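Peer 1: Let me begin by handing over the structure; questions about it come next.
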Amino acid sequence: FAQRLFDGKTFLITAGPTKEKVDPVRYFTNRSSGKMGYALAEQAALMGAEVILVSGTDSLPAPNGVKVVHVESAADMFDAVMTHANEADVIVKSAAVADYRPKQVHASKMKKQSGDLVIELERTKDILFELGKKKANQFLVGFAAETDNMEEYAKGKLVKKNADMIVANNVAAEGAGFAGDTNIVTIFHKDHSSVQLPLLSKQETARKILHEISEKLGGDHHL
Ligand code: PMT
């Protein structure tokens, strides 16, 4: 049985990819399956938390006792997260959110034309950054998916996004990151400590991340 470390606490967790429409039949997305975020939601619920899961995928079953809110685009995810953010003691942003979306969404299917096609992209809002700006008594966890300079970028994100913890996965490593059932992560804390985890299933990785959160909540971070 899981220890009920989070009785009385509410978690807001995001999972999966976002989809950015080009026209009614096409979109830009990424390779996130949602497995990491769903594992976090499942394990947090087993540890006694009330869990709201904002999900960009509908291909995984809802974990037991978890309230799932389905979204499509980065803008939808922004709205859903902001709607529930005030209820949350802990927010974990494991979704792979698009940084750019097509500037213009065509109302009808785009027709083939001769020559190349250029699609102009514009920035989406950074949800984690906005959460960091307005955070009061919350514990905020971001993820970092990097292929190079993982530590430097992860530490940069901790500061820039005012997060309490960043979970970094080197998505270039075998067995880590997108789509599979395993991950390899390093956890960076605001107090400059870090914990490197070995190759583990995403469920086990989730359990370890949640234990790190629990330790910090019981220590220097009082809710
Ligand atoms: O879903 P799986 O297939 O199991 O794969 C898991 C995963 C690799 C997707 C997951 O472990 C992971 O790393 N998620 C974050 C991926 C990502 O988008 O990283 P990033 O370095 O681009 O973004 C950094 C952080 O900012 C993330 O917490 C992200 O949710 C957040 N972000 C990014 C852009 C944006 N517009 N808003 C955000 O909140």
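A short reminder: the numbers here are calculations on the coordinates, not readings from a lab. Note that the structure is a prediction, hence the values are computed from the model and not measured. Please note: Cβ atoms are built from the backbone with ideal geometry, for glycine as well, and neighbour counts cover all protein chains shown.
Peer 1: Would you list, by chain and number, the aspartates and glutamates whose Cα falls below 14 Å from the Cα of K216, excluding same-chain residues fewer than 8 positions away?
Peer 2: Filter leaves D89, D164, D191.
Peer 1: Follow-up question, since we're still on this one. Can you tell me the orientation of helix 74-85 relative to the chain, as the angle in degrees between its alpha-carbon axis and the longest Cα principal axis, to the nearest 10?
Peer 2: Once rounded, the angle reads 30 degrees.
Peer 1: I would also like to ask the following. Let's see if you can work this out: charge +1 on each Lys and Arg Cβ, -1 on each Asp and Glu Cβ, no other charges. What is the dipole magnitude of the chain about its Cα centre, in debye to the nearest 20?
Peer 2: 480 debye
Peer 1: Could you tell me the relative contact order of segment 13-74? Use alpha-carbon pairs under 8 Å, at least six residues apart, and round to a whole percent.
Peer 2: 38 percent
Peer 1: Right, here's the next one. Exactly which trypsin sites (Lys or Arg not before Pro) in segment 1-91 are in a DSSP loop and have at most 16 other Cβ atoms within 10 Å?
Peer 2: Loop-located and lightly packed - R4, R31.
Peer 1: So which of K19/K208; K21/K190; K19/K202; K21/K202; K67/K208; K35/K103 end up more than 26 Å apart, counting from Cα to Cα?
Peer 2: K19/K208; K21/K190; K21/K202; K35/K103
Peer 1: So what is the 222 nm mean residue ellipticity for the chain from helices alone, if each DSSP H run of at least 4 adds -39500 (n - 2.57) and you divide by all residues, rounding to the nearest 500 deg cm²/dmol?
Peer 2: Roughly -8500 deg cm²/dmol at 222 nm, from the helical runs in the chain.
Peer 1: If you don't mind, another one. Hey, for a label at L200 modelled as a point 7 Å past Cα toward Cβ, could you say which residues of segment 26-45 have their backbone N under 16 Å away?
Peer 2: Under 16 Å, as judged by backbone N against the label point of L200, lie 36-45 of segment 26-45.
Peer 1: Right, next: Pop the C-beta distance of F178 and K111 into the FRET formula with R0 = 25 Å and round what comes out to the nearest 0.05.
Peer 2: Values: r = 33 Å, r/R0 = 1.31.
The computed FRET efficiency comes out at 0.15.
Peer 1: Which one, E50, E122, E87, has the greatest fluctuation when you compute a Gaussian network model over the chain with C-alpha springs under 10 angstrom?
Peer 2: Looking only at E50, E122, E87, the largest GNM fluctuation is found for E122.
Peer 1: To the nearest 10 degrees, how steep is helix 150-160 against the longest Cα principal axis of the chain, on a 0 to 90 scale?
Peer 2: 90 degrees
Peer 1: Report relative contact order for segment 123-171 in percent, whole number only (criteria: Cα-Cα under 8 Å, sequence separation at least 6).
Peer 2: Answer for segment 123-171 is 42 percent.
Peer 1: With a ≥ b ≥ c the root eigenvalues of the C-alpha gyration tensor of segment 27-97, is it rounded (a/c under 1.5), prolate (a/b larger than b/c) or oblate?
Peer 2: Verdict is oblate for segment 27-97.
Peer 1: What residue among L40, G65, F28 has its Cα farthest toward the positive end of the dipole of segment 1-107, where the charges are +1 on Lys, Arg and -1 on Asp, Glu, each on the Cβ?
Peer 2: F28
Peer 1: Taking every eigenvalue of the Cα gyration tensor of the chain, multiplying by 5 and rooting it, what semi-axes result, largest first, whole Å?
Peer 2: The equivalent ellipsoid of the chain has semi-axes of 30, 19, 17 Å.
Peer 1: While we're here: Output the relative contact order of the chain, whole-number percent, from Cα pairs under 8 angstrom with separation of 6+ residues.
Peer 2: After rounding, I find 19 percent.
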